[in-house]
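Below is one structure, written out as structure tokens; the observations come after it.
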């Protein structure tokens with residue numbers, strides 16, 4: 001099992017991760033997880049754990065993980081928005097064909113306000129884009 005493990009483990013937390021160096025180089029062949037750093041994805045900060053000094057290979061592994069994580073989160077964000085589009089279509093179908101008057105009354109105002117807000121933002125952003133790139 002331990003021969004297939006990576007050298008580092010990243011335990012996710014709200015805005016980043018805790019970084020552990022993995023090792024099984026002891027006489028009992030137990031997996032050792034030694035915390036070496038704390039990462040903050042929002043500001044890119046890497047803080048060594050305790051009095052530790054991070055080696056260049058530690059920083060390389062952390063940098064690769066942070067880049068990969070940022071790419072994954074960006075892809076998930078777009079996927080979430082595309083799922084929202086799907087959900088809006090399903091909501092339209094539900095409202096037209098399945099919803100009772102009581103159900104519609106329950107969701108009507110919050111849904112209309114959210115849709116109005118979203119439409120306003122999207123129209124403004126599109127106008128800004130078109131104003132920058134006149135064709």
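The values are calculated or read from the model by the stated rules, or taken from the named source; none is laboratory data. Everything numeric in this text was worked out from a predicted model, so none of it was measured. All Cβ positions, glycine included, derive from the backbone under ideal geometry; neighbour counts span all protein chains shown.
Output the qualifying pairs, or none if there are none: Cβ atoms under 9 angstrom, residues six or more apart or on different chains, first residue in the range 111-124 and surrounded by 10 or more Cβ atoms within 10 Å (Cβ to Cβ), second residue modelled with pLDDT of 95 or more.
Correct list of pairs: 111/91; 111/95; 115/88.
Pull out all pairs, ordered by first then second residue, where Cβ-Cβ is under 6 Å, the residues are six or more apart or on different chains, the first lies in the range 47-69 and is touching a residue at least 12 places away in the same chain (Cβ under 8 Å), and the second is surrounded by 14 or more Cβ atoms within 10 Å (Cβ to Cβ) and part of a loop (DSSP other than H, G, I, E, B).
From residues that are touching a residue at least 12 places away in the same chain (Cβ under 8 Å), the pairs are 48/54.
Taking only the range 61-79 into account, find how many residues are more than 10 Å from the chain's Cα centre (by Cα) and surrounded by 11 or more Cβ atoms within 10 Å (Cβ to Cβ).
Number of matching residues: 7.
Six or more apart or on different chains, Cβ atoms under 8 Å: show the pairs whose first residue is in the range 25-38 and closer than 28 Å to residue 13 by Cα and assigned by TED's automatic domain parsing to the domain that holds residue 61 and whose second is surrounded by 13 or more Cβ atoms within 10 Å (Cβ to Cβ) and at pLDDT below 90.
From the range 25-38, the pairs are 25/32; 30/24; 31/23; 31/24; 32/23; 32/24; 34/23.
Quick one: how many residues across the range 14-32 are closer than 26 Å to residue 73 by Cβ and either surrounded by 13 or more Cβ atoms within 10 Å (Cβ to Cβ) or at pLDDT 95 or above (or both)?
Number satisfying all stated conditions: 7.
For residue 52, work out the one condition from (1) exposed (fewer than 10 other Cβ atoms within 10 Å of the Cβ); (2) not in a helix (DSSP H, G or I) it doesn't fulfil.
(1)
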